[in-house]
Amino acid sequence: MAPRTRGATDPGGQRQLLSAGDVARTVARMAHQIIEKTTLGSASAPRVVLLGVPSRGAPLAQRLATRMAEFSGIEVPTGAVDVTLYRDDLRRKPTMPLHETVVPDDGIDDALVVLVDDVLYSGRTVRAALDALRDLGRPRAVQLAVLVDRGHRELPIRADYVGKNVPTATDEGVDVLLSELDGEDGVLLVRRGEAR
Amino acid sequence: MKHLLTAAALDAAAATAVLDTADGLKHALLGREVHKLPTLRGRTVITMFYENSTRTRVSFEIAGKWMSADVVNVSAGGSSVGKGESLRDTALTLSAAGADCVIIRHPASGAAHRLAGWLRDTGTHVVNAGDGMHEHPTQALLDAATLRERLGGIDGRRIAIVGDVRHSRVARSNVHLLTALGAELVVVAPPTLLPTGLAEWGVPGLRVTHDLDAELPTVDAVMMLRVQAERMHGGFFPSAREYSIAYGLSERRMDLLPDHAVVLHPGPMLRGMEIASAVADSPRSAITAQVRNGVHVRMAVLYHLLAAEEDRS
Amino acid sequence: MTGTSQLVLRGVRPYGEGDPVDVLVRDGVIAELGTVDTGADTTIDGNGAVLLPGFVDLHTHLREPGREDTETIESGSRAAALGGYTAVFAMANTTPVADNALVTDHVWRRGQEAGLVDVHPVGAVTVGLDGEKLAELGGMAASAAGVRVFSDDGHCVADPLIMRRALEYATALDVVIAQHAEEPRLTVGAQAHEGPTAARLGLAGWPAFAEESIVARDCLMAGQLGARLHVCHVSTAGTVDVLRWAKARDTTAPGTQVSAEVTPHHLLLDDSRLETFDPVNKVNPPLRTASDAEALRAALAEGVLDCVATDHAPHAVQDKDCEWAAARPGMCGLQTALSVVVQTMVRPGLLDWRGVARVMSERPAEIAGLPDQGRPIAVGEPATLTLVDPDAEWTVRGAELASIAHNTPYEGMVLPGRVLATLLRGNVTAREGRAGR
């Protein structure tokens, strides 16, 4: 699949939802929420592992971990779980390249795994990620963190941490830009056909 | 990609995509107790082997099963064509019975092409698992995967292919694929075991020589081909002894190789004939890695054929 | 039509030369040539079409007896008439083999019953085509069929001693031995022309020298024994060289010691056809290289190759629509031969229409010793004629050909030249795409 050029669409066809500054603030807030909800650092706290869903969930997980370390002084192990081989829509798209799955050295058994993705939409990616996790180990619990929840769920799945809720129409798309992959930060609402 | 019939049809980009997927699959399964991915759940893969080959058939079967496909093995007893049902009828029957993919090994060159032609109007994919003396594309892909792994890449590497190139589908597939990936190839064989007009095949940079000793010090890899028993009695060379002296990879010859050079063999090996036991079992030998990579490469091929929207091209 | 009826061909150009003339045919013979005022029972308007002597094919496989599911003498005769042929030679590799007068007479009789073309049986050189024991050549030559050509075609008479005996023995019978030149030890398992294309595709090679070495051997023997040799389906430039040399040494009066034929497919097609692995292109000898085809065209123009013979070889679908190695070799050719000759020889200027008459009719009739075929277009000569529209183009469709089998390598090709009418001794055997009397 050819990489998409982001942010190059007709300005009339897209609207900025979050600026670079907004993204940074949102990630910071989410980091605080994860520390709070997982009681990170407390004696009774579980071992927390952040696993991003490639491609954009992986750098997001890194950013959250960096922020969490700043705020709590605790280094949270991060990794990535590629869901491509677990997707239910492979036959509707051209061949999808695989991404790396990275499991922290101590594994995920009995850990509290926080799955991290950029956009929560139908919930099918999260469903695939839960299947993939099952093949990687047996976490004590799994939570979900997303930068944007745009609605239109097709499965009984909800996020535990949401950066921004964005009501969208089905003919719209949400594009998350991250400097690690896209050269800049931001979140755009785009017309269908321009969204990924 | 609807079918995988030849390595000759793969350009560098297409081959690299399959090899990258194979790497990804290998990584995805690394250290896991459960070798099972749900990717091809509900898809039916049929292996149709008109020649005995435990090694290749099992590799495809494991590849399909690790991807959760339903794998059915049809063993066409013996290789007698014209006896019983025609290949065309068998293919159409298997397709009508619901085969999403037919993996065929057949003694006739071009059999996989014919199969793809007969199944043109169906959704059934065809993988060539070796057709006569023509091609064996997944073997070349697994050789390329092994070379990439051991040498860090293929572009610009010098690779010697040694032995019965004339009758070898493995050699034909490798000549095309490794050249497409940028390797510089030298073919080493007695004149009787060289294919006709190799120089006119249009393979850039391909060299032919009969002097193995002269090539070994400068190669990054040496691929030894099997010498089939029927060749030994077919007058292609005077004796097994003379062949072994001139073209076998002995311990002495192995010492001529650069330190980093790798030894490949598609198997099954004739130890003491084309390759010395000590060479086959040495750390230079990537023969076990080839077998392991074979499963991942074949998983990748199935993924590219079956886990994407229908491509009728 | 009875022998007493009259037929007029109006506005035709014999050998494609001069202004159009009319031809009056009476009692199976050309009665007038020029402007014909007489009325006739049948009139065929030529509109300037080319009139040639009826074609003679030294090499067909009509599959009867044995494989009537692919061709019969009747269906093959229709294909021949539609292709402009008035005489065809039916090869001996039937089931049973035509190695005795019983079979050759049967073939002859069936041809007469069909009545569209003179079907001359070719007798086998050796019993069962086994290459070991001479068949009764004398018996077949003396039978009703009067066999004049003997061949083990499909197999080479490879044993040099058997071939020597056959050539020598035939001299007393005034018959010709037609050799399928293929050294069998050099073509074990051969599938395609030995060259870069077949080697790349993994198809076992049929080397050019497997043909050339046999042709050289047989030419030497024929020369020293004073025997007659006809070389079937010459396919390589090297064979052309051998034949040129042999013919230069030929001291017989009209140079009849050695003759040779070439097939339309070897003139037009080459081994680039292998790429698809479609066995419709499988034939023996195999399609050679483009430069071989070029040498064959030049040799036909030059006369080193005497004639065109189709090697018409119908095969059932199941024997062709299979994997390459399992497929039978051969192609249908009777209805496409003229068009291929126009395409490869006439259009490029290698042959004029007189040349076409020579290679399609006169020389093959001479080689086989047919007294009433390949005759001049002149008053008093038999009205055994072919009328050709040189400008028509048509699309080849195997299913539309008269043969029972449809295996043509020209499927979908647009070819020039069409047979408008065929006359056998005054009888119209084909007209406007319909065969019959």
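No lab work stands behind these numbers, since they all come straight from the coordinates. Because the structure is a prediction, the values reported are computed rather than measured. Note that each Cβ is placed from the backbone with ideal geometry, even for glycine, and that neighbours are counted across all protein chains shown.
Structure above, values below:
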{"read-out": "Long-range lysine pairs (8 or more apart or interchain), the protein assembly as shown, Cα under 24 Å", "value": "13"}
{"read-out": "Rg over Rh [alpha-carbon atoms, Kirkwood Rh] for region B:1-156", "value": "0.97"}
{"read-out": "Length-normalised contact order for chain C - Cα pairs under 8 Å, 6+ apart - percent", "value": "20"}
{"read-out": "Rh (Kirkwood; distinct C-alpha pairs) - region C:1-60, Å", "value": "12.2"}
{"read-out": "Calculated [θ] (222 nm, deg cm²/dmol) that DSSP helices of n ≥ 4 give over chain A, each run adding -39,500 (n - 2.57)", "value": "-8000 deg cm²/dmol"}
{"read-out": "For region B:137-286, diffusion coefficient by Stokes-Einstein and Kirkwood Rh (Cα), 20 °C, 1.002 mPa s, µm²/s", "value": "141"}
{"read-out": "Share, in percent, of DSSP beta bridges within region B:105-225 that are antiparallel, nearest 5", "value": "5"}
{"read-out": "Paired Rg and Dmax values of chain A, which use every Cα atom, in angstrom", "value": "16.4, 52"}
{"read-out": "Value of [θ]222 nm, deg cm²/dmol, for chain B, DSSP H segments ≥ 4, -39500 (n - 2.57) each, nearest 500", "value": "-11500 deg cm²/dmol"}
{"read-out": "Rough spin-label spacing in nm, given labels placed 7 Å along Cα→Cβ, for residue A:153 and residue C:400", "value": "6.6"}
{"read-out": "C:5, A:19, B:285 arranged by Cβ crowding within 10 Å, fewest neighbours leading", "value": "A:19, C:5, B:285"}
{"read-out": "D_trans [Stokes-Einstein, Kirkwood Rh over alpha-carbon pairs] for region C:231-373, 25 °C, 0.890 mPa s, µm² s⁻¹", "value": "155"}
{"read-out": "Residue C:407 long-range amide H proximity, modeled H, under 5 Å", "value": "C:315, C:332"}
{"read-out": "Phi to ³J(HN,Hα) by Karplus 6.51 cos²θ - 1.76 cosθ + 1.60 over region B:285-300, Hz, x for Gly, Pro", "value": "5, 9, 5, 5, 4, 4, 5, 5, 5, x, 5, 5, 5, 6, 4, 5"}
{"read-out": "Potential lengthening between residue B:199 and residue B:260 on full extension [0.36 nm per residue; Cα-Cα distance subtracted]", "value": "19.1 nm"}
{"read-out": "Label-point gap, in nm, between residue C:43 and residue C:136 - each point 7 angstrom along Cα→Cβ", "value": "5.5"}
{"read-out": "Acute angle (nearest 10 degrees) that the helix B:54-66 long axis makes with the longest principal axis of chain B, alpha-carbon atoms", "value": "50"}
{"read-out": "Principal-axis tilt of helix B:87-96 within chain B, Cα atoms, nearest 10 degrees", "value": "50"}
{"read-out": "Under Karplus coefficients 6.51, -1.76 and 1.60, residue-wise ³J(HN,Hα) of region B:234-246 in Hz, glycine/proline x", "value": "x, x, 6, 8, x, 7, 4, 4, 5, 4, 4, 5, 7"}
{"read-out": "Under-5 Å amide H pairs with residue C:374, H placed in peptide plane, nonlocal only", "value": "C:54"}
{"read-out": "Two-site FRET efficiency, residue C:372 against residue C:68, from Cβ-Cβ distance with R₀ of 25 Å, rounded to 0.05", "value": "0.30"}
{"read-out": "Difference of contour (0.36 nm per residue) and Cα-Cα distance, residue B:120 to residue B:9", "value": "38.2 nm"}
{"read-out": "Percent breakdown of C-alpha pair distances by 10 Å bin, ordered from the shortest bin, for chain C", "value": "5, 23, 33, 26, 10, 2, 0"}
{"read-out": "Chain C: calculated mean residue ellipticity at 222 nm from DSSP helix runs of at least 4, using -39500 (n - 2.57)", "value": "-7500 deg cm²/dmol"}
{"read-out": "Quotient of Cα Rg and 2.2 N^0.38 Å for region C:56-189, N being how many residues it contains", "value": "1.01"}
{"read-out": "Exposure proxy order (Cβ contacts within 10 Å, fewest to most) of C:362, A:172, C:168", "value": "C:168, A:172, C:362"}
{"read-out": "In degrees, nearest ten, helix C:208-225 long axis to first principal axis of chain C (Cα)", "value": "80"}
{"read-out": "Relative frequency of Cα-Cα separations exceeding 45 Å in the protein assembly as shown, percent", "value": "48"}
{"read-out": "Long-range HN-HN contacts of residue C:259 with modeled amide H, under 5 Å", "value": "C:229, C:230, C:231"}
{"read-out": "Stretchable slack from residue B:277 to residue B:242, in nm (0.36 nm times residue separation minus alpha-carbon distance)", "value": "10.8 nm"}
{"read-out": "HN-Hα J in Hz across region B:255-268 - Karplus 6.51, -1.76, 1.60, θ = phi - 60°, x for Gly and Pro", "value": "5, 6, 6, x, 4, 7, 5, 10, 10, 10, 8, x, x, x"}
{"read-out": "Gyration tensor over alpha-carbon atoms, region C:285-366, equivalent ellipsoid semi-axes in Å", "value": "27, 15, 11"}
